[in-house]
Amino acid sequence: MRKAVILCVVFSCAAVLTACAGNGGKNRVGKSYLLYSCAGHPSAYADTYLWVPVCINTTGDAGAMPENVLLLEIGETDAPETMLPFDPKLPIQYSPDGKSALITEYNHTDQVKRLYQVNEPKGCMEETRWWKLQKETGQLEIWDALENQSIFEGPVSLDETGNLVNEKYYDRLLWEGLCQLWDYTEETSIRTWVDSNRTKDHMREYESREAFLLEAGFEDAVPMYQYYDRYHNLRLELYMDESAEQLCGLVYCYYFNSNREKCVDRYEFTIDDVGERDWEEDTVFSLKSVYGTDGADAVEDFEETVEYTEAGNPDFYKSQGLMEHRRDEDGALELAPVSVLELDYVYRDDGTLYCRDYTHNPSIFGTTLCSLESYYDERGRAVYESGYITHGQLEYFYIYGDKREKPEYLLTVDYGGGYAIPTMERYR
């Protein structure tokens, strides 16, 4: 048995901390610490927090602690030799839901960031991504340890202090699309939505993709469209009989279980009718809600804040005001500040729009699409969106013809009731 120090991150709340052994991998030089991270979102319900061990690796001695960190000396422990050391002087950045933590390490040549995620079934946090920035060469690599591939690798622009010029974009690459590690079980059959006026049985199941395509009449057919995510995972394959305007397709949803194994759920659908809609130009920079309004008439003292990039494009927009609500203590009405609409833009190094994060107040505009993530290709064209709906998720796939700036079709997928329910529309 050897002496060790147990480090606990405490956010001014009462919670019972249970020590458990962490297994982080390789031995390194330095003291051993076990970091306990609050994995619940800060709230008044401290008893519901999940405290899990975090095995962080770097070198160094215990130093000055942040005000919200309490260092507890525990006499003798059975801490294993493989426990990774942690330098408490390193800054810790938490995700909004509290289930991810980012540790940043510096030396005279490199900046290394390590992203850890809660693995609740295993009772620990695991390193799932990292980045390494070589300050002398300006070479950056962002690595996804679950997908076992680079998210980005190449030269980046640094300012005179050695910091990234476009840090917002690369931070987005590091943080986006995190998958919760959980005890998932893949479906053995494929849930299928049959979009036909000739049947009342819209919900079916098939044993395989091949059986579905055979019955739908698209055996050995070539997809009219395929969409891949940034890891080159196939997310959508779509087949179309243009003469009959009949389509079928499959969407794929990927995740990792608590054993870090990649899993996929597949959903199939058919489409028997293609609608029409108008294409609205340049709405991405309109600084309006998805409904074309600003919500100013729903609040008092309406205020707008806009930040722009050096190129003159919107970087961040927020509107707010005062809205009546009832106090919890006595039910009396009072005016309170509320956010109305927020838009956050992320641009690539060449100035093209990479994505836009949209959030509106559901009390003003409704819950549908109260959050919406929009992604754009290098030509500035919308290619994919994912939005909130009360019963699940909405996905939008924009389908373009060769070298066209306006999409030909929009495929909307509504994940409701455990099925992928499609709507296909042609742009006029």
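The values are calculated or read from the model by the stated rules, or taken from the named source; none is laboratory data. These numbers were taken from a predicted model, which means no experiment stands behind them. In this analysis, Cβ positions are derived from the backbone assuming ideal geometry, glycine residues included, and neighbour counts consider all displayed protein chains. These area figures cover heavy atoms from the full protein model, side chains too; ligands, DNA and RNA do not enter into them. Shrake-Rupley method; radii C 1.70, N 1.55, O 1.52, S 1.80 Å.
Starting from the Cα-Cα distance between residue 157 and residue 388, subtract it from 0.36 nm times their residue separation and give me the gain in nm to one decimal.
Values: separation 231, 0.36 × 231 = 83.16 nm, distance 3.50 nm.
In short, 79.7 nm is gained.
Set the bar at 21 Å for Cα to Cα. Now go through 168/262; 132/168; 168/406 and name every pair that lies beyond it.
In this structure, 168/262; 168/406 exceed 21 Å between Cα atoms.
Before I look further, what does the stretch 146-202 give for accessible area per residue, probe 1.4 Å, in whole square angstrom?
60 Å²
When a/c is below 1.5 the answer is rounded, else prolate if a/b is larger than b/c, else oblate, so apply that to the stretch 360-408 with a ≥ b ≥ c taken from the square roots of the Cα gyration tensor eigenvalues. Numbers along the way, then the final one.
Values: a/c = 3.32, a/b = 2.52, b/c = 1.32.
The shape class here is prolate.
Can you pull out the GluC sites (Glu not before Pro) in the stretch 294-371 whose DSSP state is coil and whose Cβ has at most 11 other Cβ atoms within 10 Å?
Answer in residue order: 310, 329.
What figure, in Å² to the nearest 10, do you get for the accessible area of residue 132 with a 1.4 Å probe and non-protein molecules left out?
The accessible area comes out at roughly 80 Å².
Return the whole-Å distance between the Cα centroid of the stretch 275-338 and the Cα centroid of the stretch 362-379.
Distance between centres, Cα-based: 12 Å.
Quick one: dipole size for the stretch 188-271, taken about the Cα centre, charges +1 on Lys/Arg Cβ and -1 on Asp/Glu Cβ, in debye to the nearest 20.
460 debye
Residues with amide H under 5 Å of residue 409's amide H, sequence separation 5 or more or different chain, H placed in the peptide plane at 1.01 Å from N; which?
Here the answer is 399, 427, since their amide H atoms fall under 5 Å of that of residue 409.
Can you give the accessible area of residue 364 in Å² (nearest 10), computed on protein heavy atoms with a 1.4 Å probe?
Surface accessible to solvent at residue 364 totals approximately 40 Å².
Probe of 1.4 angstrom, ligands and nucleic acids ignored: what's the accessible area per residue over the stretch 336-428, in square angstrom? Can you show the working numbers first?
Working: 3800 Å² over 93 residues.
Per residue, the stretch 336-428 has 41 Å² of solvent-accessible surface.
Whole-Hz ³J(HN,Hα) for each residue in the stretch 369-375, computed from phi via Karplus 6.51 cos²θ - 1.76 cosθ + 1.60 with θ = phi - 60°, x for glycine and proline: what do you get?
For the stretch 369-375, the Karplus curve yields 6, 5, 9, 8, 9, 10, 10 Hz.
Could you point to the residue in 360, 384, 345 farthest towards the positive end of the stretch 327-408's charge dipole, with +1 and -1 charges on the Cβ of Lys/Arg and Asp/Glu respectively?
384
Report ³J(HN,Hα) in whole Hz for each residue of the stretch 303-317, in order, from the Karplus equation J = 6.51 cos²θ - 1.76 cosθ + 1.60 where θ = phi - 60°; Gly and Pro get x.
Each residue's phi maps through the Karplus curve to give 10, 10, 10, 10, 10, 10, 7, 4, 7, x, 8, x, 9, 7, 9 Hz.
Leaving ligands, DNA and RNA out of it, report the carbon-plus-sulfur percent of the accessible area of the stretch 281-378 at a 1.4 Å probe.
Solvent-exposed carbon and sulfur of the stretch 281-378 make up 45 percent of the total.
Would you kindly find the accessible area of residue 152, with a 1.4 Å probe and non-protein molecules such as ligands, DNA and RNA excluded, rounding to the nearest 10 Å²?
40 Å²
When ranked by the protection proxy of mean other Cβ atoms within 10 Å per residue, highest first, what sequence do the peptides 208-216, 315-323 form?
Details: 208-216: 15.8, 315-323: 18.3.
In decreasing order of mean packing, 208-216, 315-323 become 315-323, 208-216.
Given H placed 1.01 Å from N in the peptide plane, which residues other than close sequence neighbours of residue 416 have an amide H under 5 Å from its amide H?
The list, which skips near neighbours in sequence, is 421.
Work out from phi, with θ = phi - 60° and the Karplus expression 6.51 cos²θ - 1.76 cosθ + 1.60, the ³J(HN,Hα) of each residue of the stretch 342-358, listed in order in whole Hz, and give x for Gly and Pro.
10, 9, 10, 10, 10, 10, 6, 4, 7, x, 6, 6, 8, 7, 9, 9, 10
Would you work out the charge dipole size for the stretch 312-428 about its Cα centre, treating the Cβ of every Lys and Arg as +1 and the Cβ of every Asp and Glu as -1, and quote it to the nearest 20 debye?
Details: 12 positive and 21 negative charges, 111 e Å.
Dipole magnitude for the stretch 312-428 comes out near 540 debye.
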